[in-house]
Amino acid sequence: MFFASDNAGPAHPKVLEALTIANTGYASGYGADAIMDEVRDGIRTVFEAPRAEAFLVTTGTAANSLILATMSKPWQTVFCSDVAHIHEDECNAPEFFSGGSKLTLVPSPSAKLTPDALRSAILGEENRGVHGPQRGPVSITQATEKGTIYSLEELTAVTAVAKDFGLKTHLDGARFANALVRLGCTPAEMTWKAGIDAVSFGGTKNGLLGVEAVVLFDPETAWEFELRRKRGAHLLSKHRYLSAQMRAYLADDLWLDMARMANARTDRLVAGLRNTSGIEFLFEPEANIIFFSATRGLHRKLHDGGAVYYIMSGELDGDDPEEMLTGRLVCDWSMTEDGVDEFLALFDR
């Protein structure tokens, strides 16, 4: 009954097997390994983008921050949701790696940027000449930090606003696969065909040990990204162990299978919670994350019963058992139907 985060789940056995296979003999370092050549070709095939460049890093923070640093100048600002991961959970890494680019937070219902709100935020900048921040890239998260998903039409509408101002768009895809299988579209349709210029293609939250792919659809930015990755200490010498994970991830669509499993368990969990009194969803669950409101007493009951999940607002050890607290449940690929059913059974105890 571990629902704290999908980054706490195990790596898939096929990924561990791939590491064992890769751990034989010698291989060139720093991304010059033969496995990375396969990965690069595989990513280009998956995204239907033969000119795209792909790089691997170990964390989503590195992927996001290095992409945004490549896209922006120190005197510019990055436009993002007011609950974006790059704002709330990356310890100012985008600002650090970019050498000073700030973030302009856009009010975002359901954690999604809207065209009108984005346009208003962009118009609010670059109007004080040399004294104010200049307009920089737009950053979107798919699936969002609240478990919601942009439709293809919504993505295109947001990137169209960015293009109206000559701005590029980055997609934080820590849970890219969960959103993709829910929409039932292709990676190309959810990225460059919708106006996305660069993607943090997540793997750590979806069954890898620790690998994120950076996909740049404009190959002219690749060299700068390479330099920033090296200068930022995110170019691994024994790179083949990153490559091996990503090769296993892409092979036979393992990445999609794991996302489908996580989403299916979430759907089972949602269905059970809808039939449970005292539960209110804060956002309509669309990916593999559920935000729900319940009394402190009910949250304590669930935790005392062995459930593990985060309380996002309020304190579990407070005095008033009737105070409403917000909890977050996340399913990863390894969550079982029995695990979901065991959690749901706690409500009847």
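The values are calculated or read from the model by the stated rules, or taken from the named source; none is laboratory data. If you're wondering where the values come from, they're calculated on a predicted model, not measured in any experiment. Cβ sites come from the backbone with ideal geometry, for glycine too, and all protein chains shown count toward neighbours.
Within the span defined as the stretch 281-292, one or more residues are polar (S, T, N, Q), buried (at least 19 other Cβ atoms within 10 Å of the Cβ) and within 23 Å of Asn206 (Cβ to Cβ). Pairing each residue of the stretch 29-43 that is on the phi < 0 side of the Ramachandran plot and surrounded by 14 or more Cβ atoms within 10 Å (Cβ to Cβ) with any residue that is of a type in the set (Lys, Arg) and assigned to a helix (DSSP H, G or I), provided the two are 6+ apart or on different chains, yields C-beta distances under 8 Å for Asp33/Arg240; Ile35/Arg240; Ile35/Arg247; Met36/Arg240; Glu38/Arg247; Val39/Arg247; Gly42/Arg247. Within the stretch 102-132, which residues are more than 29 Å from Gly147 (Cβ to Cβ) and not charged (D, E, K, R)? Within the stretch 102-132, Leu123, Asn127, Gly129, Val130, His131, Gly132 qualify. Looking only at the stretch 212-221, filter to residues that are touching a helix residue (DSSP H, G or I) at 6+ places or on another chain (Cβ under 9 Å) and surrounded by fewer than 24 Cβ atoms within 10 Å (Cβ to Cβ); which one of those is farthest from Val158 (Cα to Cα)? Only one residue tops the list, namely Thr221. Within the stretch 227-255, the set of residues being buried (at least 17 other Cβ atoms within 10 Å of the Cβ), assigned to a helix (DSSP H, G or I) and not basic (Lys, Arg) comprises Tyr241, Leu242, Ser243, Ala244, Gln245, Met246, Ala248, Tyr249, Leu250, Leu254, Trp255. If Met312 passes every condition in (1) in a loop (DSSP other than H, G, I, E, B); (2) among the hydrophobic types (A, V, I, L, M, F, W, C); (3) under 26 Å from the mean Cα position of the chain (by Cα); (4) surrounded by fewer than 18 Cβ atoms within 10 Å (Cβ to Cβ) but one, which one does it miss? Met312 satisfies all of (1) in a loop (DSSP other than H, G, I, E, B); (2) among the hydrophobic types (A, V, I, L, M, F, W, C); (3) under 26 Å from the mean Cα position of the chain (by Cα); (4) surrounded by fewer than 18 Cβ atoms within 10 Å (Cβ to Cβ) except (1). Quick one: would you say Pro137 is closer than 21 Å to Leu250 by Cα, assigned by TED's automatic domain parsing to the domain that holds Ala52, under 18 Å from the mean Cα position of the chain (by Cα) and not aromatic (Phe, Trp, Tyr)? The answer is no for Pro137.
The rows are residues; the columns are (1) in a loop (DSSP other than H, G, I, E, B); (2) β-branched (Val, Ile, Thr); (3) surrounded by fewer than 24 Cβ atoms within 10 Å (Cβ to Cβ).
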| residue | (1), (2), (3) |
| --- | --- |
| Glu125 | yes, no, yes |
| Val130 | no, yes, yes |
| Thr148 | yes, yes, yes |
| Ala162 | no, no, no |
| Leu167 | yes, no, yes |
| Asn178 | no, no, no |
| Val181 | no, yes, yes |
| Cys185 | yes, no, yes |
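Examine the stretch 322-333 for a residue that is touching a residue at least 60 places away in the same chain (Cβ under 8 Å) and farther than 19 Å from Asn178 by Cβ, and state whether such a residue exists. Checking the stretch 322-333: not a single residue is touching a residue at least 60 places away in the same chain (Cβ under 8 Å) and farther than 19 Å from Asn178 by Cβ.
The residue pairs whose first member lies in the stretch 82-111 and is surrounded by fewer than 21 Cβ atoms within 10 Å (Cβ to Cβ) and at pLDDT below 95, whose second member is in a helix (DSSP H, G or I) and of a type outside the set (Ser, Thr, Tyr), and whose beta carbons are closer than 9 Å, counting only pairs six or more residues apart or on different chains, are Pro109/Ala117.
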